[in-house]
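For reference, the structure discussed in these notes is given below.
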Amino acid sequence: MTNTLTVATNERDTTQWSPASDTHFAFIPERLGQAGRRLEHFPVSVLFVSSAVSEGGRTTSEAVYEPDFGTFRQDDGVGAMVYRNKYGENCLLVMAYDNRTAEYRGTKIVGGTVVGTATGHGWNEFFANLGELGITPEESRRVIDVDRPWNRRVLTTSD
């Protein structure tokens, strides 16, 4: 079984779609704010996608993390904010940007346990690294049938 990472330039870019089994996709999201604004280093949302082939055909799991603006903090040049999985409250992504070093850091927490951390110097590098974390089996997610892309139906949603 292969294990690959495909990077797309934004959440709507499907040109990178791959039929390979057990494939993780990294999406480079849009920024929340314009240059010079306090949220310029944070994304509108973070999308994790993993595709796999099983007995029932090919399915894709997705987990979408959205910003919790009330958690934004800036201290000593480091801005941080929590992103919550829209499919379940027990899944968090804590993102930080250090203005002094221009480094991003993201930590994914599922059910109170840290399941992975990614860093990067630059927007695209960071989100490609973050995408490599993939989706954990315990992570709240939506699973869709992708054997026929024109018929994207939801198979299951785990909370």
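So which residues in segment 29-70 are among the β-branched types (Val, Ile, Thr) and closer than 24 Å to Gly122 by Cβ, if there are any at all?
Val44, Val46, Val49, Val64, listed by residue number.
Within segment 44-55, is there a residue that is under 22 Å from Ala118 (Cα atoms), of a type in the set (A, V, I, L, M), crowded, with 17+ Cβ neighbours inside 10 Å and at pLDDT 85 or above?
yes
Within the set Leu92, Leu133, the sole residue that is more than 18 Å from Leu39 (Cα to Cα), under 12 Å from the mean Cα position of the chain (by Cα), in contact (Cβ under 8 Å) with a residue 12 or more places away in the chain and not in a strand (DSSP E or B) turns out to be Leu133.
Answer yes or no as to whether Val114 is assigned to a strand (DSSP E or B) and modelled with pLDDT of 95 or more. Yes. Residue under question is Val94, and the condition is that it be over 17 Å from Phe42 (Cβ atoms) and not acidic (Asp, Glu); does it hold? Answer is no for this residue.
Taking the numbered list (1) farther than 13 Å from His41 by Cβ; (2) in a strand (DSSP E or B); (3) not charged (D, E, K, R) in turn, Gly79 passes all entries but (1).
The values are calculated or read from the model by the stated rules, or taken from the named source; none is laboratory data. For clarity, every value in this text was computed on a predicted model and none was experimentally measured. Here Cβ is always computed from backbone atoms with ideal geometry, including for glycine, and neighbour counts include all displayed protein chains.
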